[in-house]
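J.: Have a look at this one before I ask anything.
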């Protein structure tokens, strides 16, 4: 029916994969990630290995109607293999059948329903009995697309009703195909939950809002629909650097409400790499605060109890500054003039950088030690000595300013 983003995330092992013989009343145990439905078992095993270290336990993955039609059997096999490998590694899977973000208005027309039904029937029939299947997400963000968002204001209600009718059709259709596993629809906003609340087993919403107060308001709205409908709720997408929606904030609030979640997303790569993700492909991370939050640890934000770090408590900052001063002075003898080696300058820079980074006194989007590592990996004759000197001098100024050393 609709094209789906090929993205989703892996979840880990502590709780183990969940399969409900019938829909559950509480999905607060879900600790998931959106991820890509890769057909490469080696890469999937690697990615889920990272997720497993964080005690994650589920992934939410996008399917694609267009990709299915290119080779139906191969696509079904790929999905089945993904679910089985994930289950073996301790993860349940939530496949997303349709994607509202890429909605093609033609797929809303009656003429398309036969193709859409055939696709859904094939996918559901192929994996509904898999023990690693958690639930079906019928459509991701039904109303977040150009067809709806760019419509004239007076036209939006009609288009929203048109999209809602299709979502409700597939909710009912999947229920006839699979009366056992839970079904949901991943709405962009909690305020849209009412459109499908009577047909889903689980209320699924997303949150990318920028303030604690707005995140809390989303939970308040979702909780109200949950109480009214008697259905459990789940936050199936959250966490975005580029939307002032940091992982540590959203996870702290989710824990407060005992709500299951799927972060967007597991890997730092591809189209969303600049603003989403927990792990680089090599297993390194971007933000330790995000990793800590997944494990249930959060920054101290109480100004009354924060203990300010002091890099100079034992005089290390002063000694580091003397090392920088010495490293930046060449032998000025007129006849035996010699330039200090870049290795010595980088040693002085690293001393200061370690003090600054450990005390969180410098921006960490590109850690100073990363630049030092990059220079060290270059042959000495290829290094930009002037850039290294300027960089080291700036580190010394920062250390002097923060530690008030004169």
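The values are calculated or read from the model by the stated rules, or taken from the named source; none is laboratory data. This one's a predicted model, so the numbers in the text were calculated from it and none came from an experiment. Counting neighbours? That spans all protein chains shown, and the Cβs are built from the backbone with ideal geometry, glycine included.
J.: Any residue in the range 321-337 that is modelled with pLDDT of 95 or more and out of contact with any helix residue (DSSP H, G or I) (no Cβ under 8 Å at 6 or more places or on another chain)?
T.: Within the range 321-337 (the criterion being modelled with pLDDT of 95 or more and out of contact with any helix residue (DSSP H, G or I) (no Cβ under 8 Å at 6 or more places or on another chain)), the answer is yes, since at least one residue qualifies.
J.: From the list 255, 224, which one is free of Cβ contacts under 8 Å to residues at least 24 places away in the same chain and either within 17 Å of residue 295 (Cβ to Cβ) or outside any loop (DSSP other than H, G, I, E, B) (or both)?
T.: 224
J.: How many residues does the range 368-406 contain that are surrounded by fewer than 18 Cβ atoms within 10 Å (Cβ to Cβ), touching a helix residue (DSSP H, G or I) at 6+ places or on another chain (Cβ under 6 Å) and part of a loop (DSSP other than H, G, I, E, B)?
T.: Number satisfying all stated conditions: 1.
J.: Out of the residues in the range 306-320 that are in contact with a helix residue (DSSP H, G or I) (Cβ under 9 Å, 6 or more places away or on another chain) and either surrounded by fewer than 17 Cβ atoms within 10 Å (Cβ to Cβ) or in contact (Cβ under 8 Å) with a residue 60 or more places away in the chain (or both), state the one that is nearest to residue 387 (Cα to Cα).
T.: Restricting to residues being in contact with a helix residue (DSSP H, G or I) (Cβ under 9 Å, 6 or more places away or on another chain) and either surrounded by fewer than 17 Cβ atoms within 10 Å (Cβ to Cβ) or in contact (Cβ under 8 Å) with a residue 60 or more places away in the chain (or both), the top hit is 320.
J.: Buried (at least 17 other Cβ atoms within 10 Å of the Cβ), in the same structural domain as residue 118 (by TED's automatic domain parsing), within 30 Å of residue 286 (Cα to Cα) and in contact with a strand residue (DSSP E or B) (Cβ under 6 Å, 6 or more places away or on another chain) - does that describe any residue in the range 215-223?
T.: yes
J.: Here's a follow-up. Of the residues that sit in the range 276-288 and are under 19 Å from residue 32 (Cβ atoms) and touching a residue at least 24 places away in the same chain (Cβ under 8 Å), which one is farthest from the chain's Cα centre (by Cα)?
T.: 287
J.: Now for a different question. Can you name every residue in the range 204-221 that is assigned to a strand (DSSP E or B) and more than 22 Å from residue 32 (Cα to Cα)?
T.: Selection gives nothing.
J.: Tell me, which residue of the range 199-214 that is touching a helix residue (DSSP H, G or I) at 6+ places or on another chain (Cβ under 7 Å) and within 20 Å of residue 24 (Cβ to Cβ) is surrounded by the fewest Cβ atoms within 10 Å (Cβ to Cβ)?
T.: Only one residue fits best here, namely 199.
J.: Quick check on residue 72: is it within 29 Å of residue 190 (Cα to Cα) and without any contact (Cβ under 8 Å) to a residue 60 or more places away in the chain?
T.: Taking the combined requirement at face value, the residue does not satisfy it.
J.: So residue 248 clears everything in (1) outside the structural domain of residue 354 (by TED's automatic domain parsing); (2) buried (at least 22 other Cβ atoms within 10 Å of the Cβ) except one condition, right? Which one?
T.: (2)
J.: Okay, moving on. For the range 350-367, what are the residues that are surrounded by 13 or more Cβ atoms within 10 Å (Cβ to Cβ) and part of a helix (DSSP H, G or I)?
T.: The answer is 350, 351, 352, 353, 354, 355, 356, 357.
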